[in-house]
Amino acid sequence: MISRTFWQGKSVLVTGGSSGIGREACRAAAAAGARIGIIARRQPPLDATCSLLSATGAVVETVSCDVVDGPALRAAVATLEDRLGPCDVAIACAGIHRTSWPLDAEAANTVIDVNVKGGINFISTVLPGMLARRHGHVCGVASIAAVVGLPGNAAYCASKAGLVAFLESLRLDCGPRGVRLSTACPGVVDTPMVTDGERTAGRLMTAEAAAAIILRAIERGRAEVWFPRRTWLAARLARSLPTTVRDWILRSQPRLEQAPSDA
Ligand SMILES: NC(=O)c1ccc[n+]([C@@H]2O[C@H](COP(=O)([O-])OP(=O)(O)OC[C@H]3O[C@@H](n4cnc5c(N)ncnc54)[C@H](OP(=O)(O)O)[C@@H]3O)[C@@H](O)[C@H]2O)c1
(Lines give C-alpha, C1' and ligand atoms only; values in the text may rest on other atoms or scores of the structure.)
Protein backbone atom coordinates (compact mmCIF):
# COMPACT_ATOMS: atom_id res chain seq x y z
CA MET A 1 0.00 0.00 0.00
CA ILE A 2 1.41 3.40 -1.04
CA SER A 3 1.50 6.03 1.71
CA ARG A 4 -0.66 9.05 0.88
CA THR A 5 1.09 10.95 3.64
CA PHE A 6 4.40 10.61 1.82
CA TRP A 7 3.27 11.36 -1.76
CA GLN A 8 0.56 13.98 -1.20
CA GLY A 9 1.53 17.29 -2.85
CA LYS A 10 4.96 16.11 -3.98
CA SER A 11 6.34 17.02 -7.40
CA VAL A 12 7.43 13.72 -8.97
CA LEU A 13 9.34 13.61 -12.27
CA VAL A 14 9.60 10.28 -14.08
CA THR A 15 11.59 9.52 -17.23
CA GLY A 16 10.04 6.63 -19.12
CA GLY A 17 6.74 7.35 -17.39
CA SER A 18 4.64 6.72 -20.52
CA SER A 19 4.85 2.91 -20.47
CA GLY A 20 5.38 -0.17 -18.33
CA ILE A 21 6.89 0.21 -14.87
CA GLY A 22 7.28 3.99 -15.16
CA ARG A 23 3.65 4.49 -16.14
CA GLU A 24 2.42 2.38 -13.22
CA ALA A 25 4.68 4.33 -10.86
CA CYS A 26 3.10 7.55 -12.17
CA ARG A 27 -0.39 6.11 -11.72
CA ALA A 28 0.22 5.00 -8.14
CA ALA A 29 2.00 8.20 -7.09
CA ALA A 30 -0.77 10.30 -8.70
CA ALA A 31 -3.44 8.26 -6.90
CA ALA A 32 -1.61 9.03 -3.65
CA GLY A 33 -1.79 12.76 -4.36
CA ALA A 34 1.50 13.55 -6.12
CA ARG A 35 1.83 15.98 -9.04
CA ILE A 36 3.37 14.05 -11.94
CA GLY A 37 5.79 15.15 -14.67
CA ILE A 38 6.56 12.62 -17.39
CA ILE A 39 9.41 12.59 -19.89
CA ALA A 40 9.59 10.15 -22.82
CA ARG A 41 10.12 10.42 -26.57
CA ARG A 42 6.90 9.31 -28.27
CA GLN A 43 3.96 11.69 -28.08
CA PRO A 44 1.05 9.17 -28.44
CA PRO A 45 1.95 7.13 -25.30
CA LEU A 46 2.60 10.40 -23.44
CA ASP A 47 -0.85 11.69 -24.43
CA ALA A 48 -2.51 8.38 -23.53
CA THR A 49 -0.87 8.32 -20.08
CA CYS A 50 -1.73 11.97 -19.52
CA SER A 51 -5.41 11.28 -20.36
CA LEU A 52 -5.45 8.21 -18.12
CA LEU A 53 -4.10 10.11 -15.13
CA SER A 54 -6.03 13.33 -15.77
CA ALA A 55 -9.28 11.34 -15.85
CA THR A 56 -8.70 10.46 -12.19
CA GLY A 57 -8.26 14.13 -11.30
CA ALA A 58 -4.46 13.93 -11.10
CA VAL A 59 -2.21 16.88 -11.91
CA VAL A 60 0.02 15.65 -14.74
CA GLU A 61 2.34 17.33 -17.24
CA THR A 62 4.34 15.71 -20.03
CA VAL A 63 7.27 16.73 -22.22
CA SER A 64 8.51 14.77 -25.21
CA CYS A 65 12.28 14.45 -24.97
CA ASP A 66 15.11 11.97 -25.51
CA VAL A 67 17.06 11.48 -22.26
CA VAL A 68 20.25 11.11 -24.29
CA ASP A 69 19.96 14.75 -25.41
CA GLY A 70 21.35 16.60 -22.37
CA PRO A 71 20.36 20.20 -23.30
CA ALA A 72 16.84 19.12 -24.35
CA LEU A 73 16.46 17.17 -21.10
CA ARG A 74 17.52 20.17 -19.01
CA ALA A 75 14.90 22.26 -20.81
CA ALA A 76 12.27 19.55 -20.27
CA VAL A 77 12.98 19.36 -16.53
CA ALA A 78 12.88 23.18 -16.28
CA THR A 79 9.48 23.20 -18.01
CA LEU A 80 8.08 20.55 -15.69
CA GLU A 81 9.45 22.24 -12.56
CA ASP A 82 7.89 25.54 -13.70
CA ARG A 83 4.51 23.83 -13.97
CA LEU A 84 4.69 21.46 -11.00
CA GLY A 85 7.11 23.05 -8.57
CA PRO A 86 10.64 21.97 -7.61
CA CYS A 87 11.19 18.25 -8.01
CA ASP A 88 10.80 16.30 -4.74
CA VAL A 89 11.19 12.81 -6.24
CA ALA A 90 12.96 11.94 -9.49
CA ILE A 91 12.59 8.45 -10.92
CA ALA A 92 15.01 7.59 -13.74
CA CYS A 93 13.08 4.77 -15.39
CA ALA A 94 13.65 5.34 -19.13
CA GLY A 95 15.39 2.34 -20.59
CA ILE A 96 15.67 0.15 -23.65
CA HIS A 97 16.72 -3.39 -24.45
CA ARG A 98 18.54 -4.51 -27.59
CA THR A 99 20.04 -7.90 -28.24
CA SER A 100 23.84 -8.04 -28.08
CA TRP A 101 24.13 -11.20 -30.13
CA PRO A 102 25.18 -10.96 -32.90
CA LEU A 103 27.16 -8.05 -31.50
CA ASP A 104 26.49 -4.75 -33.20
CA ALA A 105 28.40 -1.72 -31.95
CA GLU A 106 25.69 0.79 -32.81
CA ALA A 107 22.94 -1.16 -31.03
CA ALA A 108 25.16 -1.81 -28.00
CA ASN A 109 26.18 1.84 -27.74
CA THR A 110 22.54 2.94 -27.98
CA VAL A 111 21.72 0.76 -24.96
CA ILE A 112 24.58 2.32 -23.00
CA ASP A 113 23.54 5.82 -24.14
CA VAL A 114 19.91 5.50 -23.00
CA ASN A 115 20.31 3.30 -19.92
CA VAL A 116 23.46 4.85 -18.46
CA LYS A 117 24.04 8.29 -19.99
CA GLY A 118 20.29 9.03 -20.04
CA GLY A 119 20.13 8.27 -16.33
CA ILE A 120 23.19 10.41 -15.62
CA ASN A 121 21.72 13.27 -17.69
CA PHE A 122 18.46 13.20 -15.75
CA ILE A 123 19.98 12.81 -12.29
CA SER A 124 22.58 15.52 -12.86
CA THR A 125 19.78 17.85 -13.99
CA VAL A 126 17.55 17.46 -10.92
CA LEU A 127 20.35 17.08 -8.35
CA PRO A 128 21.66 20.68 -8.04
CA GLY A 129 18.20 21.98 -7.04
CA MET A 130 17.73 19.15 -4.55
CA LEU A 131 21.15 19.76 -3.02
CA ALA A 132 20.45 23.49 -2.74
CA ARG A 133 17.16 22.71 -0.95
CA ARG A 134 18.80 19.87 1.03
CA HIS A 135 15.72 17.88 0.15
CA GLY A 136 14.79 15.30 -2.45
CA HIS A 137 14.90 11.69 -3.48
CA VAL A 138 16.39 10.19 -6.63
CA CYS A 139 15.57 6.64 -7.70
CA GLY A 140 17.27 4.87 -10.60
CA VAL A 141 15.64 1.81 -12.14
CA ALA A 142 18.37 -0.70 -12.96
CA SER A 143 17.86 -4.49 -13.10
CA ILE A 144 18.85 -7.81 -11.58
CA ALA A 145 20.67 -8.19 -14.93
CA ALA A 146 23.35 -6.04 -13.26
CA VAL A 147 24.42 -8.98 -11.09
CA VAL A 148 25.66 -11.45 -13.68
CA GLY A 149 26.30 -11.48 -17.43
CA LEU A 150 23.53 -13.15 -19.43
CA PRO A 151 23.72 -14.61 -22.96
CA GLY A 152 22.57 -12.16 -25.64
CA ASN A 153 22.55 -9.35 -23.08
CA ALA A 154 26.10 -7.99 -23.01
CA ALA A 155 25.16 -4.34 -23.50
CA TYR A 156 22.03 -4.48 -21.35
CA CYS A 157 23.84 -6.17 -18.43
CA ALA A 158 26.74 -3.71 -18.76
CA SER A 159 24.34 -0.75 -18.79
CA LYS A 160 22.51 -1.87 -15.66
CA ALA A 161 25.73 -2.77 -13.81
CA GLY A 162 27.02 0.69 -14.75
CA LEU A 163 23.90 2.38 -13.43
CA VAL A 164 24.02 0.41 -10.18
CA ALA A 165 27.65 1.43 -9.59
CA PHE A 166 26.91 5.05 -10.53
CA LEU A 167 24.06 5.28 -8.01
CA GLU A 168 25.99 3.41 -5.33
CA SER A 169 28.84 5.91 -5.51
CA LEU A 170 26.61 8.98 -5.81
CA ARG A 171 24.64 7.91 -2.74
CA LEU A 172 27.80 8.35 -0.64
CA ASP A 173 28.08 11.97 -1.81
CA CYS A 174 24.38 12.86 -1.60
CA GLY A 175 23.40 11.25 1.70
CA PRO A 176 25.20 13.70 3.98
CA ARG A 177 23.79 16.60 1.90
CA GLY A 178 20.13 15.82 2.48
CA VAL A 179 19.31 14.02 -0.78
CA ARG A 180 18.35 10.35 -0.75
CA LEU A 181 19.18 7.88 -3.49
CA SER A 182 17.57 4.52 -4.18
CA THR A 183 18.47 1.84 -6.70
CA ALA A 184 15.59 -0.37 -7.84
CA CYS A 185 16.50 -3.65 -9.51
CA PRO A 186 13.56 -5.65 -10.88
CA GLY A 187 13.72 -9.11 -12.41
CA VAL A 188 11.49 -9.80 -15.40
CA VAL A 189 8.35 -7.64 -15.40
CA ASP A 190 5.39 -7.87 -17.78
CA THR A 191 5.80 -4.74 -19.91
CA PRO A 192 6.17 -4.00 -23.64
CA MET A 193 9.90 -4.67 -23.17
CA VAL A 194 9.19 -8.40 -22.80
CA THR A 195 8.56 -10.65 -25.80
CA ASP A 196 5.40 -12.74 -26.15
CA GLY A 197 7.48 -15.92 -25.84
CA GLU A 198 8.92 -14.75 -22.55
CA ARG A 199 5.48 -13.67 -21.36
CA THR A 200 3.91 -17.08 -21.97
CA ALA A 201 6.95 -18.96 -20.60
CA GLY A 202 6.37 -18.02 -16.99
CA ARG A 203 4.36 -16.04 -14.49
CA LEU A 204 5.76 -12.56 -14.69
CA MET A 205 5.46 -9.85 -12.10
CA THR A 206 3.04 -7.13 -13.19
CA ALA A 207 4.26 -3.60 -13.84
CA GLU A 208 1.82 -2.44 -11.17
CA ALA A 209 3.40 -4.73 -8.55
CA ALA A 210 6.91 -3.67 -9.57
CA ALA A 211 5.97 0.02 -9.37
CA ALA A 212 4.47 -0.46 -5.90
CA ILE A 213 7.71 -2.05 -4.65
CA ILE A 214 9.72 0.84 -6.09
CA LEU A 215 7.49 3.54 -4.58
CA ARG A 216 7.56 1.85 -1.18
CA ALA A 217 11.37 1.68 -1.35
CA ILE A 218 11.41 5.44 -1.97
CA GLU A 219 9.00 6.10 0.91
CA ARG A 220 11.18 4.08 3.26
CA GLY A 221 14.41 5.63 2.04
CA ARG A 222 15.83 2.23 1.08
CA ALA A 223 19.24 2.39 -0.60
CA GLU A 224 18.58 -0.65 -2.79
CA VAL A 225 15.68 -2.95 -3.58
CA TRP A 226 16.17 -6.16 -5.58
CA PHE A 227 13.07 -8.14 -6.54
CA PRO A 228 11.57 -10.69 -6.86
CA ARG A 229 13.65 -12.28 -4.14
CA ARG A 230 13.88 -15.70 -5.84
CA THR A 231 15.39 -14.19 -9.01
CA TRP A 232 17.72 -12.06 -6.92
CA LEU A 233 18.96 -15.11 -4.97
CA ALA A 234 19.41 -17.12 -8.19
CA ALA A 235 21.47 -14.31 -9.71
CA ARG A 236 23.60 -13.99 -6.56
CA LEU A 237 24.12 -17.74 -6.48
CA ALA A 238 25.19 -17.76 -10.13
CA ARG A 239 27.60 -14.91 -9.39
CA SER A 240 29.22 -16.88 -6.57
CA LEU A 241 29.91 -20.01 -8.67
CA PRO A 242 33.24 -20.78 -10.33
CA THR A 243 33.16 -19.20 -13.80
CA THR A 244 33.30 -22.50 -15.71
CA VAL A 245 30.27 -23.82 -13.80
CA ARG A 246 28.46 -20.49 -14.06
CA ASP A 247 29.03 -20.24 -17.82
CA TRP A 248 27.79 -23.79 -18.35
CA ILE A 249 24.63 -23.17 -16.34
CA LEU A 250 23.83 -19.78 -17.87
CA ARG A 251 24.26 -21.10 -21.41
CA SER A 252 21.79 -23.92 -20.75
CA GLN A 253 19.17 -22.14 -18.60
CA PRO A 254 16.31 -19.87 -19.68
CA ARG A 255 17.33 -16.25 -19.40
CA LEU A 256 16.79 -14.40 -16.14
CA GLU A 257 16.14 -11.23 -18.15
CA GLN A 258 13.74 -10.93 -21.05
CA ALA A 259 14.62 -11.26 -24.69
CA PRO A 260 14.68 -7.96 -26.59
CA SER A 261 11.61 -6.19 -27.86
CA ASP A 262 13.94 -4.30 -30.23
CA ALA A 263 11.31 -1.62 -30.62
N1 LIG B 1 10.40 -5.14 -18.02
C2 LIG B 1 11.37 -5.78 -17.39
O3 LIG B 1 11.41 -7.02 -17.33
C4 LIG B 1 12.47 -4.99 -16.69
C5 LIG B 1 13.30 -5.69 -15.80
C6 LIG B 1 14.30 -5.00 -15.14
C7 LIG B 1 14.48 -3.66 -15.36
N8 LIG B 1 13.69 -2.99 -16.25
C9 LIG B 1 13.93 -1.58 -16.46
O10 LIG B 1 12.79 -0.84 -16.08
C11 LIG B 1 12.73 0.37 -16.85
C12 LIG B 1 11.35 0.47 -17.48
O13 LIG B 1 11.20 -0.62 -18.36
P14 LIG B 1 9.78 -1.16 -18.86
O15 LIG B 1 9.87 -2.63 -18.84
O16 LIG B 1 8.71 -0.47 -18.14
O17 LIG B 1 9.87 -0.73 -20.40
P18 LIG B 1 8.85 -0.01 -21.38
O19 LIG B 1 7.44 -0.38 -21.07
O20 LIG B 1 9.38 -0.29 -22.74
O21 LIG B 1 9.03 1.55 -21.03
C22 LIG B 1 10.22 2.23 -21.33
C23 LIG B 1 9.95 3.71 -21.16
O24 LIG B 1 11.19 4.42 -21.39
C25 LIG B 1 10.96 5.43 -22.37
N26 LIG B 1 12.21 5.63 -23.13
C27 LIG B 1 12.93 4.71 -23.81
N28 LIG B 1 13.98 5.29 -24.38
C29 LIG B 1 13.94 6.62 -24.05
C30 LIG B 1 14.75 7.74 -24.37
N31 LIG B 1 15.85 7.62 -25.14
N32 LIG B 1 14.40 8.96 -23.87
C33 LIG B 1 13.29 9.09 -23.10
N34 LIG B 1 12.49 8.05 -22.76
C35 LIG B 1 12.81 6.84 -23.26
C36 LIG B 1 9.83 4.85 -23.24
O37 LIG B 1 9.13 5.85 -23.98
P38 LIG B 1 9.57 6.22 -25.49
O39 LIG B 1 9.96 4.95 -26.17
O40 LIG B 1 8.37 6.89 -26.07
O41 LIG B 1 10.71 7.17 -25.34
C42 LIG B 1 8.94 4.26 -22.15
O43 LIG B 1 8.19 5.29 -21.54
C44 LIG B 1 13.86 0.28 -17.86
O45 LIG B 1 14.96 1.01 -17.42
C46 LIG B 1 14.18 -1.21 -17.91
O47 LIG B 1 15.50 -1.46 -18.31
C48 LIG B 1 12.68 -3.63 -16.90
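The values are calculated or read from the model by the stated rules, or taken from the named source; none is laboratory data. Nothing here was measured: the structure is a model prediction, and the numbers come from that model. Every residue, glycine as well, gets a Cβ built from its backbone with ideal geometry; the counts of neighbours run over all protein chains shown. We work out accessible area using only protein heavy atoms, side chains counted, and drop any ligands, DNA or RNA first. Shrake-Rupley method; radii C 1.70, N 1.55, O 1.52, S 1.80 Å.
Can you confirm whether the stretch 144-155 contains a residue that is assigned to a loop (DSSP other than H, G, I, E, B) and either in contact with a strand residue (DSSP E or B) (Cβ under 6 Å, 6 or more places away or on another chain) or within 10 Å of the ligand (Cβ to nearest atom) (or both)?
So far as the stretch 144-155 goes, no, none of its residues is assigned to a loop (DSSP other than H, G, I, E, B) and either in contact with a strand residue (DSSP E or B) (Cβ under 6 Å, 6 or more places away or on another chain) or within 10 Å of the ligand (Cβ to nearest atom) (or both).
Just for the stretch 197-210: of the residues that are part of a helix (DSSP H, G or I), at pLDDT 90 or above and more than 9 Å from the ligand (Cβ to nearest atom), which one is least open to solvent (accessible area, probe 1.4 Å)? Can you show your working first?
Going residue by residue through the stretch 197-210, those that are part of a helix (DSSP H, G or I) are 197-201, 207-210.
Those left that are additionally at pLDDT 90 or above: 207-210.
Of the ones still in play, those that are also more than 9 Å from the ligand (Cβ to nearest atom) are 208-209.
Values: Glu208: 125, Ala209: 40 Å².
If we take residues in the stretch 197-210 being part of a helix (DSSP H, G or I), at pLDDT 90 or above and more than 9 Å from the ligand (Cβ to nearest atom), then Ala209 is least open to solvent (accessible area, probe 1.4 Å).
Within the stretch 1-41, work out how many residues are of a type in the set (A, V, I, L, M, F, W, C) and assigned to a loop (DSSP other than H, G, I, E, B).
Selection size over the stretch 1-41: 4.
Considering the stretch 21-37 alone, what residues qualify as being within 7 Å of the ligand (Cβ to nearest atom) and more than 22 Å from Asp82 (Cα to Cα)?
Scanning the stretch 21-37 gives a single hit, Ile21.
When you look at Ala48, is it of a type in the set (Gly, Ala, Ser), open to solvent by less than 40 Å² (accessible area, probe 1.4 Å) and either touching a Ser or Thr at 6+ places or on another chain (Cβ under 8 Å) or within 10 Å of the ligand (Cβ to nearest atom) (or both), yes or no?
So Ala48 does not fit the description; no.
Identify, please: which residue in the stretch 167-196 is assigned to a helix (DSSP H, G or I) and either polar (S, T, N, Q) or closer than 22 Å to Pro228 by Cα (or both) and is, among those, farthest from the ligand (Cβ to nearest atom)?
Applying the filter and picking the extreme gives Ser169.
If I filter the stretch 217-245 down to residues being within 21 Å of the chain's Cα centre (by Cα) and open to solvent by 60 Å² or more (accessible area, probe 1.4 Å), which single residue comes out as farthest from Gly33 (Cα to Cα)?
Among residues in the stretch 217-245 that are within 21 Å of the chain's Cα centre (by Cα) and open to solvent by 60 Å² or more (accessible area, probe 1.4 Å), the one farthest from Gly33 (Cα to Cα) is Arg236.
Can you tell me how many residues in the stretch 1-20 are open to solvent by 30 Å² or more (accessible area, probe 1.4 Å) and within 16 Å of the ligand (Cβ to nearest atom)?
Within the stretch 1-20, the subset open to solvent by 30 Å² or more (accessible area, probe 1.4 Å) is 1-6, 8-10, 19.
Filter again for within 16 Å of the ligand (Cβ to nearest atom), leaving 19.
Going through the stretch 1-20 one residue at a time, the tally reaches 1.
Specify the residue that is nearest to the ligand (Cβ to nearest atom); the eligible residues are those in the stretch 69-97 that are open to solvent by 50 Å² or more (accessible area, probe 1.4 Å) and under 20 Å from Val116 (Cα atoms).
Asp69
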